[in-house]
Amino acid sequence: MNTSTKNHAAAAVIRRMAARDRLAAQLAEHIGTFDHADMDEQQVAAYGCRRLGLKVPRGHESTALSVYLRTHQAAGDRGAAEPGAMDGGDWLDKQAAALGR
């Protein structure tokens, strides 16, 4: 194997590892951090589907997980609303007024 072929093969492995790591990071926002060092991207997708309770035919885990991640907010993104966003006003001032303060 010549040097150019080795470099190309090494670059391909690095790209696959990066794709796996990106998927694991996205998934961790929904299920928490997990050890994916010994998994490839497909195995990470299958694991994610199992943890999320998605019933998916074998071989379609990556597609199903991609759709799930695009359509569901991560737990950390569902935090508190902006002040006043729910009722259009200053919630704290309204509560203080209701208490006569």
Open item on the list: Could you tell me the calculated FRET efficiency between T71 and L99, based on Cβ-Cβ distance and R0 = 35 angstrom, to the nearest 0.05?
Closed with: 0.30
TODO: Report the extension gain between L52 and D38 in nm, rounded to one decimal, defined as 0.36 nm multiplied by the number of residues separating them, less their alpha carbon distance.
DONE: 3.0 nm
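No lab work stands behind these numbers, since they all come straight from the coordinates. Keep in mind that what you see is a predicted model, and the values were worked out from it rather than measured. Backbone-built Cβ (ideal geometry, glycine too); neighbour counts: all protein chains shown.
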